[in-house]
Amino acid sequence: MKVQLLNKIAAVGTDQLDKAVYTIGADVTEPDAIMVRSAAMHEMSFDKNLKAIARAGAGVNNIPIDRCTAEGIVVFNTPGANANGVKELAVCALLLASRDIVGGIEWAKSLEGTTEVAKAVEAGKSKFAGQEIKGKTLGVIGLGAIGGMVAGIATHLGMKVMGCDPFISIAGAWNLNHHVSHANTYDDIYRDCDYITLHVPATPDTKKMINAETIAKMKDGVRIINLSRADLVDAEAVKAGLASGKIAAYVTDFPTEDILGVKGVVAIPHLGASTEESEDNCAVMAAQELDAYLRHGNIKNSVNFPNVDMPLTSPVRLCILHANVPSMLSQITNVLSEEGINIENLTNKSKGNNAYTMVDVAAEPKEDSLAKLEAIADIFRVRVIK
């Protein structure tokens, strides 16, 4: 099988793939799978052999998810693999939002060649004074792998922490620091918090969730941190808030043309997951996800299909990606029964509008039976593993 690399992927990750089974490289053609970090894929056409894409990171806005689904391509991400790196940058962002550290550093550089630098520093440092985070209230929007860690460490830094996540998982809720208070709505965060940090994916629902209307609900002098995606914030509204004093500081890991050089903005060059440890963790997880799917059909951490894990118990496995619609299972089993093929094990799971069925059978179906399966309406792909 062939795996194409669209970005540099840490060797510790690609080493997870058995070289006797896989051919791996940037120059691979007609790949069975793609590993990617930030490369834009929306304009790419996909070879019919392509079965899976693994993003070595959490966000997948560089991948055309709907088109992948329609073509029966499973898209994986690596949630939590870079969480600690982003959490640590969030702590840094809290401090950068509180004090004009960046401005002070730049000013200190300008003193080179000045006589009596120490005296000049003492005379000028008041221009860069700020506030402490201890005792302030932090609102965390999104309590997934990263947001939950940020909320937890902020309590240890002496902050009062409110968290809001309508979609928090059971595991996320169990792992959340018990000192984090629950906000019922984002409006509670906007009203009560001195600092607000965003840890949600970029979706149509979250696009420009920080805008003129939501900023108006915030405390005067609020400090906003966005280490998630530029699209979450309306840049013009933030600039207006900074100009009026409504917003004291905006720290983002996603610089754009319209915020660079704006007073009160600290623009970090997308360093959230740029640590050796994060890149290694993401690469390892992405490779393991691809291997499990390509060799055994099992799915974990897909953004467009459900998690499914079934031990391989028969010589042949059918992997069927399809829409989540009524009577699909009966149509699949009818085709197999018509050929007299015994089903030894079967599992079916759904995720929203999409579903995945794995069927272990004693013998490989004939070509015409596979063609019948592929012809069933709302089936995206049929794959045979043997």
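Of note:
- Database remark: amide H of I247 closer than 5 angstrom to the amide H of G221, L242 (H placed geometrically; neighbours at sequence offset of 5 or more, or on other chains; Pro and chain starts carry no H).
- Structure remark: mean-square fluctuation, Gaussian network model of the chain, C-alpha springs under 10 Å; the largest value among E30, E257, E277 belongs to E257.
- Sequence-distant contacts, meaning Cα pairs under 8 Å at least 6 residues apart, place the relative contact order of the chain at 16 percent.
- Sites E257 and I343 - FRET efficiency at Förster radius 51 Å, r taken between beta-carbons, to 0.05: 0.35
- Whole-Hz Karplus values for region 6-13 come out as 8, 9, 5, 10, 3, 4, 4, x Hz, taken residue by residue from phi with 6.51 cos²θ - 1.76 cosθ + 1.60 and θ = phi - 60°; glycine and proline positions read x.
- Packing-based ranking, highest mean first, of 101-113, 188-200, 211-223 given that Cβ atoms within 10 Å are counted: 188-200, 211-223, 101-113
- Max mean-square fluctuation residue, GNM over the chain, Cα-Cα springs under 10 Å, options F254, F167, F46: F167
- Annotation for H296 and A375: the two label points, set 7 Å from Cα along the Cα-Cβ direction, are 3.5 nm apart.
- Calculated Rg and Dmax of region 1-49 using C-alpha coordinates, Å: 10.8, 32
- Projected-area average for the chain over all orientations - Cα convex hull basis, square nanometres: 23.1
- Karplus-based coupling profile of region 164-179, in residue order and whole Hz: 9, 7, x, 10, 4, 7, 4, 4, x, 5, 5, 7, 6, 4, 6, 7, with θ = phi - 60° in 6.51 cos²θ - 1.76 cosθ + 1.60 and x standing for Gly or Pro.
- Here the extension length gained between R191 and A123 equals 20.7 nm, from 0.36 nm per residue of separation less the Cα-Cα distance.
- Every helix of 4 or more DSSP H residues in the chain counts as -39500 (n - 2.57), and over all residues that averages to -9500 deg cm²/dmol at 222 nm.
- Per residue, the chain exposes an accessible area of 48 Å² to a 1.4 Å probe, with every protein chain left in place.
- Residue-wise HN-Hα couplings along region 95-110, as the Karplus relation 6.51 cos²θ - 1.76 cosθ + 1.60 with θ = phi - 60° gives them from phi, are 6, 5, 6, 8, 10, 7, 5, 5, x, x, 5, 5, 5, 4, 4, 5 Hz; Gly and Pro carry x.
- Surface composition of the chain: carbon plus sulfur atoms hold 52% of the accessible area, using a 1.4 angstrom probe and ignoring ligands, DNA and RNA.
- FRET efficiency, 1/(1 + (r/R0)^6) with R0 35 Å, evaluated for S45 and N324 via beta carbons: 0.85
The values are calculated or read from the model by the stated rules, or taken from the named source; none is laboratory data. Model, not experiment: these values are computed from the prediction. Reconstructed Cβ throughout: ideal geometry from the backbone, glycine too, with neighbour counts over all protein chains shown. All accessible areas refer to the heavy atoms of the entire protein, side chains included, with ligands and DNA or RNA removed. Shrake-Rupley method; radii C 1.70, N 1.55, O 1.52, S 1.80 Å.
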